[in-house]
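> Okay, handing you the structure first.
The values are calculated or read from the model by the stated rules, or taken from the named source; none is laboratory data. None of the values given here were measured: they were computed from a predicted structure. Backbone-built Cβ (ideal geometry, glycine too); neighbour counts: all protein chains shown.
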Amino acid sequence: MRDIFLNHKRHIRDTKGFGRISFVLLLCLLCFKATAQDEAEKPKPYELSGYIKNLQSAYVIDNINPFNPSKKLVISDNLLHNRLNFKYFLNKNWTLKTDLRNRFFWGDQPQLPIGNYAEQLDAANDYFDLSYEWSDPSGVALQTMIDRAYLEYLSEDWEVRLGRQRINWGISTLWNPNDIFNAYNFADFDYEERPGSDAVRVKFFPNYSSSIELAASMADSLEAATIAAKGGFNLKGYDIQLLAGVAQNDWVFGGGWAGNLKNASLKGEFATFIPVDTGATSFALTFNVDYQFKNSLYANVGFLYNSLGATAGDLSQLFTLEISAKNLYPFRYTVFTQFGYPLNPLTNLGGAIIYSPVESHAVFFTPTLTRSLRQNLDLDFVAQILFNDDGMKYRSPVQAGFLRIKWSY
């Protein structure tokens with residue numbers, strides 16, 4: 001094992017070709033040229049925004065140190081991340097949107113002998129391959145990815161999008177069984193925009209309080225596609241939605257709600273997945289209640305039932321679980337609480353505690369501290385700490401800390 005860690009052979013993954021990179025560079029040049037135009041000209045037909053952020057991370061992991069199994073393994077990494085959000089208004093109804101995500105990694109993780117690091121980054125792609133990845137076992141890696149690229153039509157009654165987009169059908173705060181097109185892992189806090197899908201979506205508004213939506217993702221076969229319809233309406237002060245369709249060879253039927261419970265907010269979602277061919281039916285349900293106290297303390301408590309979740313095991317499964325709308329967390333029953341409190345106008349303390357009542361009493365604890373340094377410049381500290389009963393004692397097998405500075409423009 002020591003030899004594996006010390007003797008890596010150089011590998012460079014470059015299968016995408018330089019045509020895509022040329023396209024990306026051309027897009028960047030066009031965006032920056034646009035920003036240099038005279039401000040006194042007529043209203044701009046475009047918008048350009050984005051951010052640059054640096055994320056430093058450190059992981060402390062028990063019992064897998066190949067050099068000394070009695071000691072913990074410490075892994076440290078750095079990520080420099082730039083995002084460009086470009087929107088061009090063709091006319092009052094048509095808009096073209098393209099968002100570019102550039103990430104440069106260096107540290108310990110690209111050196112680990114756990115598959116090809118570049119291929120792991122490429123897993124975020126959808127049907128079309130709109131990214132370029134490169135990694136080297138010396139400890140560096142690069143990814144350039146277009147994660148939004150769609151043409152949009154807007155009118156008073158219609159909204160139509162074609163291309164890579166986020167189809168956000170989720171309502172609840174932490175988990176979303178209705179997010180059948182592009183489910184995400186809540187532990188990935190550094191991806192605020194969340195994944196997108198290569199799809200077509202058509203939305204119609206019959207009146208101010210209702211909508212009908214149809215969406216279909218790109219796929220090589222019907223078995224791999226997601227095609228569904230969703231209707232939304234208001235009933236006695238609650239926003240209700242119902243959906244039905246097929247999601248990667250499962251019939252899916254679900255819905256959700258959002259409204260007030262006296263002075264609190266009540267949200268929830270459910271979905272049933274029935275295999276088109278053979279297999280067991282699965283069901284997911286989540287709900288949460290959140291409340292803002294007079295002293296500005298925010299509290300949110302909720303529950304998740306996941307029929308595909310395990311009733312035993314430890315929380316290390318969270319890092320290997322393939323997240324989908326029908327399997328959002330490793331365990332069958334989970335409760336959570338979130339909190340947030342402004343220490344002063346520039347500093348906010350928050351976090352979440354997630355508990356699964358299995359034999360290991362698995363707990364995921366993530367405290368956060370956010371500080372606004374100046375306008376458009378933020379500093380965040382995030383920790384992710386796992387607790388388990390391993391049969392001998394209750395301990396923390398994994399601790400992670402993240403320090404992030406972000407400048408938005």
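> Out of the residues in region 41-63 meeting the condition of being more than 22 Å from Glu152 (Cβ to Cβ) and surrounded by fewer than 13 Cβ atoms within 10 Å (Cβ to Cβ), tell me which one is modelled with the highest pLDDT.
Restricting to residues being more than 22 Å from Glu152 (Cβ to Cβ) and surrounded by fewer than 13 Cβ atoms within 10 Å (Cβ to Cβ), the top hit is Lys42.
A quick yes/no check of all residues on (1) of a type outside the set (D, E, K, R); (2) at pLDDT 95 or above:
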{"site": "Gly237", "(1), (2)": "yes, no"}
{"site": "Trp251", "(1), (2)": "yes, yes"}
{"site": "Lys262", "(1), (2)": "no, no"}
{"site": "Thr281", "(1), (2)": "yes, yes"}
{"site": "Phe287", "(1), (2)": "yes, yes"}
{"site": "Leu315", "(1), (2)": "yes, no"}
{"site": "Thr320", "(1), (2)": "yes, no"}
{"site": "Thr337", "(1), (2)": "yes, yes"}
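> Would you list the strands (runs of 3 or more DSSP E) that sit entirely within region 145-220 and hold 1 or more residues that are of a type in the set (Ser, Thr, Tyr)?
In region 145-220, the matching strands (runs of 3 or more DSSP E) lie at 197-207, 210-217.
> Out of everything in region 91-114 that is over 29 Å from Trp407 (Cα atoms) and assigned to a loop (DSSP other than H, G, I, E, B), what residue ends up being modelled with the highest pLDDT?
Per the stated criteria, the residue is Asn93.
> Look at region 386-395 and say how many of its residues are in contact (Cβ under 8 Å) with a residue 40 or more places away in the chain and out of contact with any Ser or Thr (no Cβ under 8 Å at 6 or more places or on another chain).
Residues meeting the conditions: 1.
This table checks each residue for (1) within 27 Å of Asn54 (Cβ to Cβ); (2) touching an Asp or Glu at 6+ places or on another chain (Cβ under 9 Å); (3) of a type in the set (Val, Ile, Thr).
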| position | (1), (2), (3) |
| --- | --- |
| Pro367 | yes, no, no |
| Leu373 | yes, no, no |
| Leu379 | yes, no, no |
| Val382 | yes, yes, yes |
| Ile385 | yes, no, yes |
| Asp390 | no, yes, no |
| Ser396 | yes, yes, no |
| Ala400 | yes, no, no |
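> Any residue in region 224-244 that is in contact (Cβ under 8 Å) with a residue 40 or more places away in the chain sitting within a Cβ distance under 8 Å of a residue that is basic (Lys, Arg)? List the pairs, counting only those 6 or more apart or interchain.
Partner pairs satisfying both residue conditions: Gln241/Lys230; Leu243/Lys230.
> Residues that are in a loop (DSSP other than H, G, I, E, B), of a type in the set (A, V, I, L, M, F, W, C) and in contact with a strand residue (DSSP E or B) (Cβ under 8 Å, 6 or more places away or on another chain): does region 279-301 have at least one?
yes
> Looking only at region 183-215, how many residues end up being polar (S, T, N, Q), surrounded by 14 or more Cβ atoms within 10 Å (Cβ to Cβ) and free of Cβ contacts under 8 Å to residues at least 40 places away in the same chain?
Total satisfying the criteria: 2.
> Here's a follow-up. Among the residues in region 161-175, are any over 22 Å from the mean Cα position of the chain (by Cα), surrounded by fewer than 18 Cβ atoms within 10 Å (Cβ to Cβ) and modelled with pLDDT of 95 or more?
No, there is no match, as no residue in region 161-175 is over 22 Å from the mean Cα position of the chain (by Cα), surrounded by fewer than 18 Cβ atoms within 10 Å (Cβ to Cβ) and modelled with pLDDT of 95 or more.
> For residues in region 115-139 being among the small types (Gly, Ala, Ser), part of a loop (DSSP other than H, G, I, E, B) and under 22 Å from Arg166 (Cα atoms), which is farthest from the chain's Cα centre (by Cα)? Talk me through it step by step, then tell me what you get.
Initially, region 115-139 is screened for residues among the small types (Gly, Ala, Ser), giving 115, 118, 123-124, 131, 135, 138-139.
In the following step, the residues that additionally are part of a loop (DSSP other than H, G, I, E, B) were identified as 115, 123-124, 138-139.
Now drop any that are not under 22 Å from Arg166 (Cα atoms), which leaves 123-124.
Values: Ala123: 13, Ala124: 10 Å.
So, considering only residues that are among the small types (Gly, Ala, Ser), part of a loop (DSSP other than H, G, I, E, B) and under 22 Å from Arg166 (Cα atoms), the one farthest from the chain's Cα centre (by Cα) is Ala123.
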